[in-house]
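Nothing in this text is a laboratory measurement; each read-out follows from the coordinates by a stated rule. Since we're looking at a predicted model, the values are computed, not measured. FYI the Cβ positions are ideal-geometry reconstructions off the backbone, even for glycines, and counts take in every protein chain you see.
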């Protein structure tokens, strides 16, 4: 007997779309992805991701998307230059031409597009923001053997409704599905960030393009850091992080007085905070301030978060285990998708057993990843700063050691 599971995935990020691809190619599930964006170009997707061989790339292999990934992946994006604010080089990684591409970079937008393009038409329901989800009671079989196994009724902010057998929350840090399973909410990590973009840098700022190079340019000081990251569209993403004693507060972004929506005034407010940094750093900041800036408070869920199982419901990715943004989050989400799809394929007649098995595996696996991510962030923001990070990249220390 063929069992077809009706699955709702809330959230169209890397984890949710990877799960949709794996389930639709398996043929044993009807899948709808509910995404709050109005369409694939509704907003920018951010910078780049380094997809790891045993997590993100492994999921793409299972999804039959390795060739599509290689068309967009940039092994040279693994290049990295680490400096201190005086311009002293602390560590350098130059990717050889024959690199095995264990962690190549891919733009978030490119990854999202290749996943979207792999799905059957109509899989993604755009412009659907979840308002509520309530369980549907199972009904007794009728004389002809038909009955309802329960499920979830979803209501969206546009007033529409839908009913599905399984509900998967893949809706990120501020998940609307998570409260159905746990009261846990992300906590501020004492780090605040400001992001901007320098478009078409090779034409508009060729001198700064040479400074950044092919990958990442990373400057770490006392309570401050700057990361410039090359993207495939010719732009460079600039990120400024603040974690000194005066700017660790959760409300710093709203009380610091930096007018993020007024570029000229934002530039005038930011540059004095980096007065003793190199001219290259200050020029990158000034160039990023030519356009809009995005403030972000860094948050994370408790390491090792678990919840009691609830029938027909689970979480993946940031909704389940939001971590500091040090390179593991998207990879963990895509690995979640692979493990969940594998579990559902193994027990098609009992999808709830699959959810239980997935959760136990996910809880154990991601607790270690989240702990390592927390330790890496602590290393980055420690007084040792750049030298400590350089020692880590050289393999001389471990996070937290």
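Listing 264, 97, 50 from fewest to most neighbouring C-beta atoms within 10 Å gives 97, 264, 50. Where both bridge residues fall in the chain, DSSP classifies roughly 70% of the beta bridges as antiparallel. Using the average count of surrounding beta-carbon atoms within 10 Å as a protection proxy, the listed peptides 19-30, 351-362, 298-309 rank, highest first, as 19-30, 351-362, 298-309.
Going from the residue with the fewest nearby Cβ atoms within 10 Å to the one with the most, 389, 106 rank 389, 106.
In the chain, helical runs assigned H by DSSP with n ≥ 4 each contribute -39500 (n - 2.57); averaged across all residues and rounded to the nearest 500, the mean residue ellipticity at 222 nm is -9500 deg cm²/dmol. Going by the alpha-carbon gyration tensor, a ≥ b ≥ c the square roots of its eigenvalues, is the chain rounded (a/c under 1.5) or, if a/c is not under 1.5, prolate (a/b greater than b/c) versus oblate? Note, shape of the chain comes out prolate. Taking the C-alpha atoms only, the angle from helix 108-117 to the longest principal axis of the chain is near 30 degrees. Given their separation in residues at 0.36 nm each and the Cα-Cα distance between them, residue 173 and residue 214 gain 11.7 nm when the chain is fully extended. For segment 1-158, the relative contact order comes to 25 percent (Cα pairs under 8 Å, sequence separation of at least 6). Picking from 273, 114, 284, which is most flexible by a Gaussian network model of the chain using Cα springs under 10 Å? Highest fluctuation of the listed residues: 273. Between 0 and 90 degrees, the angle of helix 279-288 with respect to the longest Cα principal axis of the chain falls at about 40 degrees.
Overall, the anisotropy analysis places segment 162-212 in the oblate class: the square-rooted eigenvalues a ≥ b ≥ c of its C-alpha gyration tensor yield a/c not less than 1.5, with a/b not exceeding b/c. Compute the long axis of helix 329-346 from its Cα atoms, compare it with the longest principal axis of the Cα atoms of the chain, and write down the angle in degrees, 0 to 90, nearest 10. Tilt of helix 329-346: around 20 degrees.
When the Cα gyration tensor is reduced to axis lengths a ≥ b ≥ c, the ratio a/c is 1.5 or higher for segment 187-300, and with a/b above b/c it is classed as prolate.
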